[in-house]
Each structure stands twice: as C-alpha cells, then as structure tokens.
Amino acid sequence: MIARGLRDLAAGLLGICGFTALGALAIGVAAGLSPQRALSGGFLLVGSLFFTAGAVVGLRDPARARERRVARGAPATGAAGLGSWTQAFHLSALLVGVGVLLVLLGVVLHPTASL
C-alpha cells in the first residue's frame, strides 16, 4: 500500500512538472525568452502558487466542517472532528511540499544559478 502511494505521488509530481514545463516553454517561446529562463520562471510561479494554496488550506478553520455536521444532526465530537483537521493538515503539508520542490527546481534551473 505504501509503495502504491509513493508511485501515485511520483506520478503526480511528474505530471505537475510536465504540465508546468510545457506551459512555461509555450509562454516563454511566445515571449521570446530562452528555454532555461522560461522553465525557471514557470517552476517558480507554479511552486509559489502551490505553496500559497498549502498555507491557505492549513489556515482554514476545520470547525466549519464540524458545524455543518452538527447542523445535519451528526455528532461534533470524537474522531469526526479530528479527521477534518488531520485531512486539512495533510493536504496542507502535501501542497507546501510540492510548492517548495517546484521553487527549488526553478532556482536550480535559473540561468544565473551557480551550484
């Protein structure tokens, strides 16, 4: 099960990187930029968007989901309330991690980067 999850995570990361690279190259060619600069800018932009989305999801109040369940008559205590917070935390960590990875990739690809 863990191997399948890691395989799905790798496939998702490759898909995000692939679509980002294609979009960045298309926009970069239209703007007359070098491919390296276009890829760097694309990864930096998309990475910062993922990072910001992760921060927003992490700051969202999980009590809202609990209030909706209470309004429908479901109990607000126990594992139901904790599950909403845990899911929000895991999604936030995933989005922030992908964002940081893409930003680091953009920094490495930047034309003036010296490693």
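The values are calculated or read from the model by the stated rules, or taken from the named source; none is laboratory data. The structure displayed is predicted, hence computed values, not measured ones. Note that each Cβ is placed from the backbone with ideal geometry, even for glycine, and that neighbours are counted across all protein chains shown. These accessible areas exclude ligands, DNA and RNA; they are computed on the full protein's heavy atoms, side chains included. Shrake-Rupley method; radii C 1.70, N 1.55, O 1.52, S 1.80 Å.
Here are a few things to note about the model shown:
- Among 39-46, 14-21, 97-104, sorting by the average number of other beta carbon atoms lying within 10 angstrom of each residue, highest first, gives 39-46, 97-104, 14-21.
- The residues of region 2-51 present an accessible area of 65 Å² per residue when probed at 1.4 Å with all protein chains retained.
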